[in-house]
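First the structure, in the form of structure tokens, and then the observations on it.
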Amino acid sequence: MKIGILGASGAVGRQMIQCLEERELPITEIRFFGFGSVGQEITFKDRRYKIEKPFFTGLDVILGAVSSDIAKGYITDIKASGALFIDNSSAFRHDAEVPLVIPQINKEDIVNHHGIIANPNCSTIITLMAVQAINKLNPVTAINAVTYQAVSGAGAKGLEELNAETVAFCQDGKVERKSDVFNYPILFNCIPQIGDLGSDGYTSEELKMEKEARKIMHIADLKVNCTCVRVPVARSHSIAVTVYTKDRLELTQVEAAFSNSEGLIYLKNDLPMPLVASNRDEVFVGRLRKDRIFANGITFFVCGDQIRKGAATNAIEILEHFLKL
Ligand SMILES: NC(=O)c1ccc[n+]([C@@H]2O[C@H](COP(=O)([O-])OP(=O)(O)OC[C@H]3O[C@@H](n4cnc5c(N)ncnc54)[C@H](OP(=O)(O)O)[C@@H]3O)[C@@H](O)[C@H]2O)c1
């Protein structure tokens, strides 16, 4: 298999390289593509490669790790190459011909691809890994979620910003922005807006969870209420979730479902937190309890590495399932 990584120098691209090194895929040729980093060196399995200007001819698979505008700009060339494009951006997630896939939930959708398979939003992946375990017990009708999203969710520059603000604070005791990645200082702060604010008061990031969950879980009328918050955490997104089911469930049933779900680790006596989940492919869930307002509500806290399972790992799992077709 001849494979290319578009956006190899970024947070997701670099993680894809590490995930490909960790896994056994039948790679016969690999190319790394970028823009500002063209000419820089990348090491893959002890061999050195140069980041190149994108050219897709001859490739079988392209893993996309660029923004949606950039992904859209390359799609004509990608289609012309005939390669399968597994894209991490939001560019094609809602195209009718593009499967949106979390393999542990809807790997059977992969077969319907027309050259593009989309990776869902990182908070959506991490949340649904736990929600789907409950949905298998009893149909989920609604989700209420509050996210605590790491700075690296805004790309490599988001992490650089937190690091720069931290260093500056240690040197001169001041908290101030060092770049325009976030609209406010992120050190010692929580920013309750990710994405553009719409006229209904919800942000673009918040609406992704509903639209994507409906497509992935095949529940057209699923209701999702979401608040997205950027927090000064390096990596791994956390989400406080309440799920409403058609019928009332017992906690013991949910505990068993969480414990037996592939890719999910249930922490009964410990806490799912970024420092637990970081650099792991599994998603961690805990703080399980009943909703105190509605009898059919289940509340829990879920945490996952959004650069791994929320992006690179999920994309490579999609590829692994595609190769088995
Ligand atoms: N970060 C996360 O946690 C996360 C999670 C899920 C999904 N995603 C999605 O994954 C995608 C990548 O995110 P990221 O966080 O990795 O971003 P990032 O760290 O900012 O990296 C962006 C990448 O895009 C490349 N790029 C920019 N302009 C380009 C062009 N004209 N042609 C080719 N490559 C170009 C950059 O290459 P140069 O350095 O060479 O310019 C860089 O490698 C985005 O769509 C994002 O929404 C991110």
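The values are calculated or read from the model by the stated rules, or taken from the named source; none is laboratory data. Every value quoted in this text rests on a predicted model; they were computed, and no experiment measured them. Reconstructed Cβ throughout: ideal geometry from the backbone, glycine too, with neighbour counts over all protein chains shown.
Kindly check whether there is at least one residue in region 18-25 that is away from the ligand (no atom under 12 Å from the Cβ), under 17 Å from Asn119 (Cα atoms), surrounded by 15 or more Cβ atoms within 10 Å (Cβ to Cβ) and hydrophobic (A, V, I, L, M, F, W, C).
Going residue by residue through region 18-25, those that are away from the ligand (no atom under 12 Å from the Cβ) are 18-25.
After this cut, where a residue has to be under 17 Å from Asn119 (Cα atoms) as well, the list is 19-20.
Checking which are surrounded by 15 or more Cβ atoms within 10 Å (Cβ to Cβ) leaves us with 19-20.
If we keep only those that are hydrophobic (A, V, I, L, M, F, W, C) as well, we get 19-20.
There is at least one residue in region 18-25 that is away from the ligand (no atom under 12 Å from the Cβ), under 17 Å from Asn119 (Cα atoms), surrounded by 15 or more Cβ atoms within 10 Å (Cβ to Cβ) and hydrophobic (A, V, I, L, M, F, W, C).
Scanning for something in contact with a Ser or Thr (Cβ under 8 Å, 6 or more places away or on another chain), within 30 Å of Ile110 (Cβ to Cβ) and not assigned by TED's automatic domain parsing to the domain that holds Val12, does region 191-200 turn up at least one residue?
Filtering region 191-200 for residues in contact with a Ser or Thr (Cβ under 8 Å, 6 or more places away or on another chain) gives 192-198.
Of the ones still in play, those that are also within 30 Å of Ile110 (Cβ to Cβ) are 194-195.
Narrowing the set further to residues that are not assigned by TED's automatic domain parsing to the domain that holds Val12 leaves 194-195.
For region 191-200, residues in contact with a Ser or Thr (Cβ under 8 Å, 6 or more places away or on another chain), within 30 Å of Ile110 (Cβ to Cβ) and not assigned by TED's automatic domain parsing to the domain that holds Val12: present.
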Selection from region 151-162 of residues that are within 7 Å of the ligand (Cβ to nearest atom) and buried (at least 24 other Cβ atoms within 10 Å of the Cβ): Ser152, Gly153
Residue count for region 11-38, restricted to those that are without any contact (Cβ under 8 Å) to a residue 12 or more places away in the chain and more than 23 Å from Ser152 (Cα to Cα): 1
Out of (1) away from the ligand (no atom under 14 Å from the Cβ); (2) hydroxyl-bearing (Ser, Thr, Tyr); (3) more than 18 Å from Met209 (Cβ to Cβ), what's the single condition that is false for Ser278? (1)
Would you check if there is a residue in region 264-275 being surrounded by fewer than 23 Cβ atoms within 10 Å (Cβ to Cβ), in a helix (DSSP H, G or I) and modelled with pLDDT of 95 or more? yes
Residues that are in contact with a helix residue (DSSP H, G or I) (Cβ under 7 Å, 6 or more places away or on another chain) and more than 10 Å from the ligand (Cβ to nearest atom), drawn from region 310-323: Thr313, Ile316, Glu317, Ile318, His321, Phe322
Which members of region 44-78 meet the condition of being under 22 Å from Asn121 (Cβ atoms) and free of Cβ contacts under 8 Å to residues at least 12 places away in the same chain? Gly73
Given the conditions (1) under 21 Å from the mean Cα position of the chain (by Cα); (2) surrounded by fewer than 21 Cβ atoms within 10 Å (Cβ to Cβ), which single one is not true for Gly173? (1)
Can you name the residue in region 57-70 that is crowded, with 24+ Cβ neighbours inside 10 Å and under 14 Å from Leu84 (Cβ atoms) and is also nearest to the ligand (Cβ to nearest atom) among such residues? Gly64
Considering only region 285-304, I want to know if a residue exists there that is closer than 28 Å to Ser89 by Cβ, under 21 Å from the mean Cα position of the chain (by Cα) and assigned to a loop (DSSP other than H, G, I, E, B). no
Just a yes or no: is a residue in region 42-50 within 11 Å of the ligand (Cβ to nearest atom), at pLDDT 95 or above and over 24 Å from Gly158 (Cβ atoms)? no
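Per-residue answers, yes or no, for (1) touching a Pro at 6+ places or on another chain (Cβ under 8 Å); (2) assigned to a helix (DSSP H, G or I):
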position: Ile75; (1), (2): no, yes
position: Ile78; (1), (2): no, yes
position: Phe85; (1), (2): no, no
position: Phe92; (1), (2): no, no
position: Glu97; (1), (2): no, no
position: Gln104; (1), (2): no, yes
position: Glu108; (1), (2): no, yes
position: Ile117; (1), (2): yes, no
position: Ile125; (1), (2): no, yes
Options Gly4, Gly73: the member that is within 21 Å of the chain's Cα centre (by Cα), over 18 Å from Gln306 (Cα atoms) and either of a type in the set (Gly, Ala, Ser) or crowded, with 20+ Cβ neighbours inside 10 Å (or both): Gly4
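Residues are listed down the side, and each one gets a yes or a no for (1) assigned to a helix (DSSP H, G or I); (2) among the basic types (Lys, Arg); (3) under 30 Å from Ala133 (Cα atoms):
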{"site": "Thr57", "(1), (2), (3)": "no, no, no"}
{"site": "Ile62", "(1), (2), (3)": "no, no, no"}
{"site": "Ala71", "(1), (2), (3)": "yes, no, no"}
{"site": "His114", "(1), (2), (3)": "no, no, yes"}
Run down Phe182, Phe188 and say which single residue is assigned to a loop (DSSP other than H, G, I, E, B) and either under 30 Å from Arg289 (Cβ atoms) or not assigned by TED's automatic domain parsing to the domain that holds Ser259 (or both). Phe188
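Considering every residue within region 132-140, establish whether at least one is within 15 Å of the ligand (Cβ to nearest atom) and surrounded by fewer than 21 Cβ atoms within 10 Å (Cβ to Cβ). I'd like the intermediate steps shown before the answer.
So the first thing to find is which residues in region 132-140 are within 15 Å of the ligand (Cβ to nearest atom), and the list is none.
Checked against the condition, which is being within 15 Å of the ligand (Cβ to nearest atom) and surrounded by fewer than 21 Cβ atoms within 10 Å (Cβ to Cβ), region 132-140 yields no hits at all.
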Can you pull out the residues in region 71-87 that are of a type in the set (Gly, Ala, Ser), away from the ligand (no atom under 12 Å from the Cβ) and closer than 19 Å to Val101 by Cα? Ala83
